[in-house]
Amino acid sequence: MIDRARIVLPLALRNELVAHAREAAPAECCGLLLGDGDTVRRVMRCRNVHAAPETRYRIDDAQLAQAFRAAQDFDRELVAIYHSHPRSPAYPSPTDRAEAQWPLAAYVLVSLRVATPEVFAYRISDGAVREIPIVEATA
């Protein structure tokens, strides 16, 4: 896994993230973005198994293990972890910052609080948040 300075997200995959967020609402959705370097090639939707899914997320451990096996099988790596905020901004909450366990992965947040969903990416390390650009690709 590399230290990502940006994420390249094809429009079709961005639309898939937004669709997942809308389908899961009012609960938070969550999943993994797999790809090459900083380019996302695959969205892996995961189950949110947190006891309070309307305000928190936890990716199912079995799906997490499956994702890492699939990444190895298809020569993909973890580019980012994503989840949604159905009613709040697309910015890491204090809980998101405290529970961020993957300092080399990017974190992508989708907010449904406004008519046009917001999608932003961040690096979270030791509770510090730094926004990184999402470069939209068409393929």
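The values are calculated or read from the model by the stated rules, or taken from the named source; none is laboratory data. Just so we're clear, the structure is a prediction, and the values are computed from it rather than from any experiment. We place every Cβ from the backbone using ideal geometry, glycine too, and count neighbours over all the protein chains shown.
Name the single residue, out of those in segment 25-57 being outside any loop (DSSP other than H, G, I, E, B) and among the small types (Gly, Ala, Ser), that is modelled with the highest pLDDT. Outline the logic, then answer.
Of segment 25-57, the ones outside any loop (DSSP other than H, G, I, E, B) are 30-36, 39-46, 48.
In the following step, the residues that additionally are among the small types (Gly, Ala, Ser) were identified as 31, 35.
Details: GLY31: 94, GLY35: 89.
Only one residue fits best here, namely GLY31.
For segment 16-54, which positions are more than 13 Å from the chain's Cα centre (by Cα) and polar (S, T, N, Q)?
THR39 - this is the single residue of segment 16-54 that is more than 13 Å from the chain's Cα centre (by Cα) and polar (S, T, N, Q).
Among the numbered conditions (1) at pLDDT below 95; (2) buried (at least 18 other Cβ atoms within 10 Å of the Cβ); (3) under 14 Å from VAL79 (Cβ atoms); (4) of a type in the set (A, V, I, L, M, F, W, C), tell me where LEU9 comes up short.
Condition (1) is where LEU9 drops out.
Just need a number here: residues in segment 84-132 that are surrounded by fewer than 13 Cβ atoms within 10 Å (Cβ to Cβ) and either under 14 Å from the mean Cα position of the chain (by Cα) or of a type in the set (A, V, I, L, M, F, W, C) (or both). Break it down into steps so the answer makes sense when it comes.
Of segment 84-132, the ones surrounded by fewer than 13 Cβ atoms within 10 Å (Cβ to Cβ) are 94-95, 98, 101, 103-104, 113-116, 126-128, 130-131.
Pick out the ones that are also either under 14 Å from the mean Cα position of the chain (by Cα) or of a type in the set (A, V, I, L, M, F, W, C) (or both) and you get 98, 101, 103-104, 114-115, 128, 131.
Looking only at that region, the number is 8.
Restricted to segment 60-75, and to residues that are exposed (fewer than 14 other Cβ atoms within 10 Å of the Cβ) and at pLDDT below 65, which residue is nearest to ASP38 (Cα to Cα)?
Step by step, filter segment 60-75, then rank; the result is ASP75.
Looking at (1) out of contact with any Pro (no Cβ under 7 Å at 6 or more places or on another chain); (2) at pLDDT 95 or above, can you tell me which one LEU112 breaks?
(1)
Among (1) more than 25 Å from GLU131 (Cα to Cα); (2) crowded, with 17+ Cβ neighbours inside 10 Å, there is one condition PRO53 misses while meeting the rest; what is its number?
All conditions pass for PRO53, except number (1).
For GLU118, indicate whether it is in contact (Cβ under 8 Å) with a residue 40 or more places away in the chain, among the acidic types (Asp, Glu) and either on the phi > 0 side of the Ramachandran plot or touching a Ser or Thr at 6+ places or on another chain (Cβ under 7 Å) (or both).
Numbers: in contact (Cβ under 8 Å) with a residue 40 or more places away in the chain: no; among the acidic types (Asp, Glu): yes; either on the phi > 0 side of the Ramachandran plot or touching a Ser or Thr at 6+ places or on another chain (Cβ under 7 Å) (or both): yes.
Here the answer is no, as GLU118 does not meet what is asked.
Looking at (1) over 19 Å from ALA137 (Cβ atoms); (2) surrounded by 14 or more Cβ atoms within 10 Å (Cβ to Cβ), which one does GLU23 not meet, given that it meets all the others?
Looking at each condition in turn, GLU23 falls short on (2).
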